[in-house]
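Have a look at the structure below before the remarks.
The values are calculated or read from the model by the stated rules, or taken from the named source; none is laboratory data. None of these values were measured; they are calculated from a predicted model. Virtual Cβ from ideal backbone geometry, glycine too; neighbours counted across all protein chains shown. Please note that ligands, DNA and RNA were not included when accessible areas were found on the heavy atoms of the full protein model with its side chains. Shrake-Rupley method; radii C 1.70, N 1.55, O 1.52, S 1.80 Å.
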Amino acid sequence: FVVIFVLISFCLRIQNLPNLSEGDLLETDAYRFFRQADLISQHGSLPERDMMRWLPFGRDLSQQLSFSSYLIVSLHRIFRVFSDQWTLYQTAVYYPVLCYCAAMVPLYFLIATIWNRQVALLTLGFAAVIPSSLPRSFAGVADRDALCLFLILCMYLAYVKGIQSRRLYAASIWICLSAVFAILLGLT
């Protein structure tokens with residue numbers, strides 16, 4: 001059932017693809033993250049200053065946390081293994097959908113750990129179709145919200161697993177993993 005709910009969520013979030021023209025994204029931040037991903041793709045990293053923002057001196061990017069843009073580039077490199085025609089733009093379009101669908105997996109395990117599998121499946125069913133999550137996880141919204149949801153659910157899941165562990169070694173590993181997800185969330 002988990003796979004079915006993830007597929008429902010995926011299919012629901014790509015319904016707007018026929019309405020997207022090549023190069024169009026659905027919100028202003030998406031263009032910024034896509035442009036940063038394009039710079040990373042071309043140069044290997046972000047430049048120290050973005051001269052297209054905060055004129056006349058440019059935006060200092062050395063202090064900006066841009067994990068989401070780096071993730072878009074990494075996903076693009078993975079997709080290019082399967083298809084040479086896959087573009088960075090296509091990756092940016094599908095990125096929020098993939099992050100939201102990925103977030104459903106730790107959500108299921110978190111709820112199953114706290115309550116039980118039936119409640120977790122019910123939660124997943126609601127999460128797949130809940131209207132309030134759609135505007136931030138549609139295809140073409142290359143913002144970091146869906147990624148933040150995935151990371152925070154992974155962080156909570158690892159934390160709960162760590163608290164419930166009976167062995168100190170296992171608890172330490174889970175809590176350290178929770179800390180890693182918290183760091184990635186902060187970098188996003």
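Before moving on, here are some points about what is shown:
- The single residue among PHE138, PHE150 that is outside any helix (DSSP H, G or I), in contact (Cβ under 8 Å) with a residue 12 or more places away in the chain, within 24 Å of ALA30 (Cβ to Cβ) and within 15 Å of the chain's Cα centre (by Cα) turns out to be PHE138.
- Extreme residue, farthest from LEU185 (Cα to Cα), among residues of the range 45-66 that are surrounded by fewer than 16 Cβ atoms within 10 Å (Cβ to Cβ) and touching a Ser or Thr at 6+ places or on another chain (Cβ under 7 Å): GLU48
- Some residue of the range 172-188 being touching a residue at least 24 places away in the same chain (Cβ under 8 Å) and in a loop (DSSP other than H, G, I, E, B): yes
- Test: residue in the range 80-93 that is among the polar types (S, T, N, Q) and in contact (Cβ under 8 Å) with a residue 60 or more places away in the chain: no
- Selection status of GLN42, open to solvent by less than 50 Å² (accessible area, probe 1.4 Å) and in a helix (DSSP H, G or I): no
- Residues within the range 100-135 that are outside any helix (DSSP H, G or I) and under 19 Å from the mean Cα position of the chain (by Cα), tallied: 1
- Residues (in a helix (DSSP H, G or I) and either within 16 Å of PHE33 (Cβ to Cβ) or open to solvent by 20 Å² or more (accessible area, probe 1.4 Å) (or both)) located in the range 154-170: MET155, TYR156, LEU157, TYR159, VAL160, LYS161, ILE163, GLN164, LEU168, TYR169, ALA170
- The condition of being within 22 Å of ILE152 (Cβ to Cβ) and touching a Cys at 6+ places or on another chain (Cβ under 7 Å) holds for only one of PRO106, PRO96, that being PRO106.
- Test for VAL97: is it in contact with a Lys or Arg (Cβ under 7 Å, 6 or more places away or on another chain) and in a helix (DSSP H, G or I): yes
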